[in-house]
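The values are calculated or read from the model by the stated rules, or taken from the named source; none is laboratory data. Computed from a predicted structure; not experimentally measured. Reconstructed Cβ throughout: ideal geometry from the backbone, glycine too, with neighbour counts over all protein chains shown.
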């Protein structure tokens, strides 16, 4: 597994990231997502009815891009695969919600559920084109 260099670890505190998955037609599908980084591991809480979740269950290949909004020529890209696991008790969703001061349970309709998506990078690109 590739590791995130110290020079870009601050981006793990960013508000949002862009998740790229492979759609059913083989083309990329991009979504802005909330995420939580703990101990250098990046995880997402996704609703199981969303297209990005369906894409990851079919094909775990993904890419997560975290852009430094203050310096847009600086970003962190995690290329790899997603490990998708159930979060039936909303344990992880509640931790993500705490970061964003939101209740993810209120974002889901009755009968919907969530999964924890753990990014397993095979390549990390820490880019700073101005520094």
Okay, strands (runs of 3 or more DSSP E) sitting entirely in segment 29-110 with 3 or more residues that are more than 13 Å from residue 19 (Cβ to Cβ), I get 36-38, 74-86
Can you find, within segment 1-27, the residue that is surrounded by the most Cβ atoms within 10 Å (Cβ to Cβ) among those that are farther than 17 Å from residue 68 by Cα and touching a residue at least 24 places away in the same chain (Cβ under 8 Å)? 21
How many residues of segment 12-28 are under 17 Å from residue 118 (Cβ atoms) and part of a loop (DSSP other than H, G, I, E, B)? The answer is 0
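Taking the stated definitions as given, is residue 74 surrounded by 12 or more Cβ atoms within 10 Å (Cβ to Cβ) and over 16 Å from the mean Cα position of the chain (by Cα)?
In short, yes.
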When residue 26 is evaluated against the numbered criteria (1) at positive phi; (2) modelled with pLDDT under 95, which criterion, by number, is the only one it fails? (2)
Filtering segment 82-98 for residues that are under 18 Å from residue 12 (Cα atoms) and loosely packed, with under 15 Cβ neighbours inside 10 Å leaves a count of 1
